[in-house]
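Working notes, structure below.
The values are calculated or read from the model by the stated rules, or taken from the named source; none is laboratory data. Everything numeric here is computed off the predicted structure, so don't read it as measured data. As a convention, Cβ positions derive from the backbone with ideal geometry for all residues, glycine included, and neighbour counts pool all protein chains shown. Side chains are part of the model used for accessible areas, which takes the heavy atoms of the whole protein and leaves out ligands, DNA and RNA. Shrake-Rupley method; radii C 1.70, N 1.55, O 1.52, S 1.80 Å.
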Amino acid sequence: MQAAFLFLSSSTSVIGRSALRLTGAGLPTFGNRVALSALLWVACGVAAAPANSPRDWRPMPDEVYLQEVGRKIPTTQPLTCVAVHAGRVFAGSEAGLLELKGDTLVPVGNFQAPVERLVEAHASLWVLAHNQVTRLRGDSWEKILDKPMTDLCEHMGEIIAVQGTRLWKMRGDALEPLSVPETPFRILRLLSFNETLYLVGEGRVTLLGNPVMAGQEEADRYPQQAWDWGEPPSPRTRDALSLGSRLFLATDRGLGVLRGMSMSVLRGEQGLCYEDTTCLARGFTNDLWIGTTRGAIRMVGGQFQYFAGQRWLPDDRVSAIAAGQGTVYLATAGGLGIIEYEPYTLLKKAAYYERHLEEWGQKRLGLTHKLEWDDALGQFVREASDNDGGYSGDYLAAESYRFAVTQDARARLEAVNTFKTMRWLEAITGIPGLPARAIWVKGERGHKSAGTSGGYPAKWFQAADPRFEWKGDTSSDEICSHFYSVSIFLDLAAQGDEKPEARKHLARIATHLIDHHWQLIDVGGKPTRWGRWDPAYFNTEEGRADRGLQSVEILSFMKSAATLTGEARFKDAYQSLVALGYPDYTLRLSITFPMEDVAHFDDELAFWAYFNLLRFEADPALHATYRRSLERSWELLRIEHVPWFNFIYGALTGNPCEVQPAVAHLREWPLDLVIYSYQNSQRTDLQTPAGYEARKGGTRAFSPRETEPMRWDHWPMEADGGAGGRDVVEPSAWLLAYWMGRYYGFIEAPLATDQALLTVSPSAHPPHGAKPYDGPPRPENF
């Protein structure tokens with residue numbers, strides 16, 4: 001079966017021209033992306049949807065894009081200005097002029113007077129200090145004038161400067177007053193724009209007119225304003241810049257934009273992230289950089305990107321910006337922020353994150369870990385968390401997809417290693433079918449979680465092997481992850497004896513739930529706090545609120561066990577749940593009101609469960625019911641642009657699943673996985689985008705660049721948050737979304753062949769993460 005799709009890809013953040021490409025797809029095979037025309041078939045031969053259902057999403061090419069990498073250089077003095085000249089970077093402060101040398105700002109010569117502005121013009125760098133004008137030409141510094149100048153520009157091949165209301169002109173090697181009258185206002189900026197010298201003052205833009213004619217008042221040489229229509233957003237002008245056919249004004253209420261003789265505004269309603277703007281700069285790729293009192297904004301291709309907070313800036317108040325070759329420098333009250341742009345593909349980013357897991361010490365005993373800062377040790381350490389098995393399940397699924405796409409033996413090795421630990425989590429408890437949340441090695445360096453979900457204290461138990469402890473009170477989160485990830489491993493990466501072992505693993509968990517009447521029984525014979533799917537629980541006040549999600553989960557567990565093992569007991573158990581009316585409960589899965597009861601992390605649990613339930617269910621009536629549930633949940637989540645949710649929905653339905661914003665989300669993850677504090681609630685662009693409804697709170701989704709790299713249980717519409725740089729998230733969720741996207745064809749393989757765009761080398765600098773695990777290994781037999 002063949003299917004052809006015509007699609008146009010264009011992205012302002014992607015290097016190269018848009019691609020117009022006709023592609024065809026065949027039946028699914030390992031090592032190639034799954035065909036669009038047969039997307040929902042699985043290894044068991046069960047269709048997830050009618051065979052003739054449309055596959056109406058369009059794949060995205062993995063084109064080369066620019067990946068941001070940030071670093072900061074703190075200073076004791078606020079920086080007032082910054083410039084890039086002949087490959088050198090200079091910054092000014094109240095204490096004088098500084099030059100960037102490596103990661104240090106070094107004082108320049110005898111420049112110890114306050115520097116107010118740096119301008120590059122006539123192949124020279126001009127330093128405008130409070131008492132002089134100095135020029136750097138070649139390697140020579142020359143004092144030009146013992147007077148301060150407000151601004152300076154190159155116009156029609158000449159240097160024009162301004163001091164207050166007077167214009168000056170460069171004659172030879174000296175600045176001399178220009179023979180024109182003073183302006184009736186104080187000039188803040190000079191701009192050579194459209195072959196005319198524009199003069200910008202507070203709330204006004206005018207231009208230098210023609211010579212005085214007989215009877216003409218000298219003041220008439222300066223027209224009152226340079227526009228016929230519109231008004232700037234505020235009279236309080238801070239900076240001005242010409243870019244192409246537009247002249248931009250930075251004000252405290254947004255940007256004014258002059259085109260021809262028409263003035264328009266850019267404010268929050270138009271997408272400007274913050275309106276209290278301070279400075280403007282031309283970027284290195286026809287983009288505009290905007291400094292504000294609360295961070296910086298990059299305007300590129302009609303979109304706005306926000307850079308603020310600990311991740312990007314030493315201080316949020318930006319006084320000046322300058323761009324070099326692929327790098328932007330931001331002068332702030334706390335020092336210099338540097339944002340470098342490197343060519344990347346998503347495949348290279350996947351390689352980078354695989355390296356990060358190793359070099360930052362985020363692997364241990366077959367589990368993947370978040371890191372936390374330890375004050376006493378003065379370093380990052382691994383956290384034995386509330387949900388180690390659940391989060392490591394993402395990595396198991398990611399490596400299984402990676403192996404299916406690439407046939408890379410290293411991917412299968414990682415998948416097998418993680419699967420063995422998923423089995424160990426169940427075996428270590430001594431209770432068949434009860435997986436542990438986490439495993440702790442006595443005496444190891446790290447943080448042993450003291451709490452559990454819902455704010456309850458952790459329950460740690462001694463394992464039969466005295467070297468290990470395991471965390472109990474296991475919740476539905478873990479069970480969902482086990483069924484989701486192990487079933488994908490079974491389909492795509494398991495070989496030989498691993499296949500029956502995977503089936504037995506899921507069968508033991510399913511049997512435990514059946515034998516204990518849809519409850520997860522902990523040490524002591526009592527149900528765990530969040531491990532109940534029984535009718536009695538559904539009749540409680542709490543259970544009535546939970547039963548939508550819990551029904552999708554337990555139905556998915558039993559359907560998975562029945563499909564993967566073929567055993568009658570699981571089929572019978574599933575039918576008993578159907579007879580109890582559980583499918584109808586699934587129709588109201590997500591809670592949207594009252595807001596204090598909305599648990600956004602439940603969405604990940606739901607989609608873990610949806611994946612197997614919908615792809616394994618063959619009964620048309622039941623499949624239609626579950627599809628209605630999925631459609632309701634997807635419409636609530638669609639606004640969030642989380643790629644994993646998008647790809648789950650697209651894989652199960654064939655419907656459009658907003659692949660482009662999903663790929664943008666993957667590109668916008670920072671390479672630095674430290675969780676810094678961030679704040680977006682002050683922004684002026686907090687409007688719900690057209691075509692979406694924010695039914696679970698918030699107004700809009702935020703880019704990972706503006707918040708944090710995340711697990712898929714994080715709510716991307718949360719405006720403020722972070723951990724102050726004290727946590728480092730593991731990239732398993734990103735890897736899962738990327739390789740799932742590749743497997744199902746949402747993301748195509750990169751066309752680039754340069755290995756520098758496809759992979760990464762070992763780091764040149766020592767990692768800053770946790771020290772390698774040096775405790776006892778995972779037991780061979782369990």
Single residue of Ala621, Ala651 found to be closer than 26 Å to Ser556 by Cα and open to solvent by 10 Å² or more (accessible area, probe 1.4 Å): Ala621
All positions within region 403-413 that are in contact with a Lys or Arg (Cβ under 8 Å, 6 or more places away or on another chain), part of a helix (DSSP H, G or I) and open to solvent by 10 Å² or more (accessible area, probe 1.4 Å): Phe403, Val405
Residue ranges of strands (runs of 3 or more DSSP E) in region 72-170 with at least 2 members under 17 Å from Ser319 (Cα atoms): 79-85, 88-93, 96-101, 115-121, 124-129
Number of positions in region 749-767 that are of a type in the set (A, V, I, L, M), over 22 Å from the mean Cα position of the chain (by Cα) and at pLDDT 95 or above: 3
Region 263-284: number of residues that are without any contact (Cβ under 8 Å) to a residue 60 or more places away in the chain and either open to solvent by 20 Å² or more (accessible area, probe 1.4 Å) or under 10 Å from Ile321 (Cβ atoms) (or both): 12
Test: residue in region 588-605 that is part of a helix (DSSP H, G or I), open to solvent by 40 Å² or more (accessible area, probe 1.4 Å) and touching a Lys or Arg at 6+ places or on another chain (Cβ under 9 Å): yes
Filter result (assigned to a strand (DSSP E or B) and more than 10 Å from Leu280 (Cα to Cα)) within region 235-254: Thr237, Leu243, Arg246, Leu247, Thr251, Gly254
Which numbered condition Gln660 fails, given (1) in contact (Cβ under 8 Å) with a residue 40 or more places away in the chain; (2) open to solvent by 10 Å² or more (accessible area, probe 1.4 Å); (3) among the polar types (S, T, N, Q); (4) assigned to a loop (DSSP other than H, G, I, E, B): (4)
Residue within region 87-104 that is surrounded by 21 or more Cβ atoms within 10 Å (Cβ to Cβ), more than 30 Å from Arg705 (Cα to Cα) and of a type outside the set (Phe, Trp, Tyr) present: yes
Condition check for Lys471: touching a Lys or Arg at 6+ places or on another chain (Cβ under 8 Å) and closer than 25 Å to Ala606 by Cβ: yes
Unique match (being of a type in the set (S, T, N, Q), within 27 Å of Asp276 (Cα to Cα), assigned to a loop (DSSP other than H, G, I, E, B) and touching a Ser or Thr at 6+ places or on another chain (Cβ under 7 Å)) among Thr707, Thr688: Thr688
Every residue from region 526-548 that is assigned to a loop (DSSP other than H, G, I, E, B) and surrounded by 17 or more Cβ atoms within 10 Å (Cβ to Cβ): Trp533, Asp534
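Conditions (1) outside any loop (DSSP other than H, G, I, E, B); (2) under 30 Å from Pro527 (Cα atoms); (3) among the small types (Gly, Ala, Ser); (4) in contact with a helix residue (DSSP H, G or I) (Cβ under 8 Å, 6 or more places away or on another chain), marked per residue:
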| position | (1), (2), (3), (4) |
| --- | --- |
| Ala376 | no, no, yes, no |
| Gly393 | yes, yes, yes, yes |
| Ala398 | yes, no, yes, yes |
| Thr429 | no, yes, no, no |
Count of region 469-525 residues which are closer than 17 Å to Thr421 by Cα and part of a helix (DSSP H, G or I): 26
Residue match in region 711-720 (condition: within 19 Å of Arg638 (Cβ to Cβ), among the basic types (Lys, Arg), at pLDDT 95 or above and open to solvent by 10 Å² or more (accessible area, probe 1.4 Å)): no
Region 125-152 residues that are touching a residue at least 12 places away in the same chain (Cβ under 8 Å) and under 14 Å from Pro177 (Cα atoms), paired with ones that are open to solvent by less than 10 Å² (accessible area, probe 1.4 Å) and of a type in the set (Ser, Thr, Tyr) (beta carbon under 7 Å, 6 or more apart): Ile144/Thr134
Candidate set from region 721-755 (those that are outside any loop (DSSP other than H, G, I, E, B) and free of Cβ contacts under 8 Å to residues at least 60 places away in the same chain); member that is least open to solvent (accessible area, probe 1.4 Å): Gly721
Every pair of residues 6+ apart whose Cβ atoms lie under 8 Å, when the first sits in region 566-580 and is open to solvent by less than 90 Å² (accessible area, probe 1.4 Å) while the second is of a type in the set (Lys, Arg): Tyr574/Lys559
Flag if Phe380 is part of a helix (DSSP H, G or I), in contact (Cβ under 8 Å) with a residue 24 or more places away in the chain and open to solvent by 10 Å² or more (accessible area, probe 1.4 Å): no
Check on Gly454, part of a helix (DSSP H, G or I) and of a type in the set (Gly, Ala, Ser): yes
